[in-house]
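The structure appears below as structure tokens.
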Amino acid sequence: EDLVLENCDVSRTRQQHLVSRPEKEAIGKDFLELRDVKTWETYGSGIWLEGCKGAKVTGCTAQEGQNGIILRDTEASRILNNDCRYNSGWGIGLWRSVDNVVMWNLADFCLRGSWWPNYHAGSDSAALVVVNASHRNFIVANSLTHSGDGFFLSNRQDIRKPQDGACNDNVVAFNDGSVAATNAFESTFSERNVFVGNLGTRSNYAFWGGFSHHNLFVGNDFSRNRQIGFAIEQGRNNVIESNRI
């Protein structure tokens, strides 16, 4: 409890060797296992918080590894003003973590490989991921650009069982997820999440929300994307108001 990490440089930690090359994409070989925390343990990260309560991580640098800062089973902690750019997996990741504040962080350019012409999917890399029963987190004013996804929220199994690891009641506000290889923002199999004032431009989709319901979208700029502003497959009871699309 009450762990404090300040101004630590934990860059260049372990990362997987990538199979794909600019001249030939190995389709599927470099995809990350988003929903298996045991696999997360094998990836490596700059900072890994597990079972923590009331921790504070501020001013730390975690660049050029696979993952920057990971929270597992961590609650009521603050992740503030950290630099988690240029990782090949995730800049910041939450697994079954609740009531945390993630604010003012840099997590840009988190992408498998590089901007290779055929490496468009991002292989589930993202600037910030929220998975498996991570509830009531405040994710505010982070820079999440030029990544596989900017912001990626989902449940535990990627199937229609909302009770199985859905991530609910999170506030996602004033973040920039632009220039994503896939989606600027993704929130699937979840409910009662609030998206306010976010910027998601020049991506493939601005927002993808399969099986999402009872969510609120207000004042987001989801314009100038390659395909779609809002795509919500089999969603219901969502409020989409005063957005730029």
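The values are calculated or read from the model by the stated rules, or taken from the named source; none is laboratory data. The structure presented is a predicted model; accordingly, all values stated were derived computationally and were not measured. Using ideal geometry, Cβ is built from the backbone for each residue, glycine included, and neighbour counts are taken over all protein chains shown. Areas reflect the complete protein model, heavy atoms only, side chains present, ligands, DNA and RNA absent. Shrake-Rupley method; radii C 1.70, N 1.55, O 1.52, S 1.80 Å.
In sequence order, what are the phi-derived ³J(HN,Hα) couplings for segment 29-34 according to the Karplus relation 6.51 cos²θ - 1.76 cosθ + 1.60 with θ = phi - 60°, rounded to whole Hz, with x for glycine and proline?
6, 9, 5, 7, 8, 5
At R0 = 51 Å, how high is the FRET efficiency between R78 and I228 if r is their beta carbon distance? Nearest 0.05 is fine.
Working: r = 34 Å, r/R0 = 0.67.
For R0 = 51 Å, the calculated efficiency reads 0.90.
With θ taken as phi - 60° and the coefficients 6.51, -1.76 and 1.60, list the Karplus ³J(HN,Hα) couplings across segment 73-78 in order, rounded to whole Hz; mark glycine and proline as x.
Once rounded to whole Hz, the list reads 6, 10, 9, 6, 10, 10.
Under a straight-distance cross-link criterion of Cα-Cα below 18 Å, which aspartates and glutamates are reachable from K53, leaving out those fewer than 8 residues away in the same chain?
Partners within reach: E1, D2, E6, D73, E75, D99.
Residues with beta-carbon under 13 Å from that of G46, excluding G46: net charge, scoring Lys, Arg +1 and Asp, Glu -1? Don't skip to the end; give the middle numbers.
Working: positive: R12, R14, R85; negative: D9, E64, D83.
Around G46, the charge tally is 0.
For Rg and Dmax of the Cα atoms in Å, several values are listed as (1) 16.3, 48; (2) 41.8, 147; (3) 17.9, 56; flag the one computed from this structure.
Matching entry in (1) 16.3, 48; (2) 41.8, 147; (3) 17.9, 56: (1).
Going by accessible area, probe 1.4 Å, with all protein chains left in place, what is the ranking of T188, T39, largest first?
Details: T188 5, T39 35 Å².
Order by accessible area, largest first: T39, T188.
What do you reckon, how do S242, S147 stack up by accessible area (1.4 Å probe), largest on top? Each step should come with its number before you reach the end.
On the way: S242 95, S147 0 Å².
Most to least solvent-accessible, the answer reads S242, S147.
Could you order Y86, Y205, Y43 so the one with the most accessible surface comes first? Probe is 1.4 Å.
On the way: Y86 100, Y205 50, Y43 10 Å².
Result of the area sort, largest leading: Y86, Y205, Y43.
Using a 1.4 angstrom probe on heavy atoms only, work out the carbon and sulfur share of the accessible area of the chain in %.
On the way: 5030 of 10300 Å².
Solvent-exposed carbon and sulfur of the chain make up 49 percent of the total.
Pairs of Cα atoms under 8 Å, at least six residues apart: use those to get the relative contact order of segment 27-102, whole percent. Can you show the working numbers first?
Numbers: 161 pairs, mean separation 22.0, N = 76.
It rounds to 29 percent for segment 27-102.
So what J values fall out for segment 166-181 if you push phi through Karplus, 6.51 cos²θ - 1.76 cosθ + 1.60 with θ = phi - 60°, rounded to Hz, Gly and Pro as x?
Values, residue by residue: 4, 10, 10, 6, 8, 10, 10, 9, 6, 9, 10, x, 5, 6, 7, 5 Hz.
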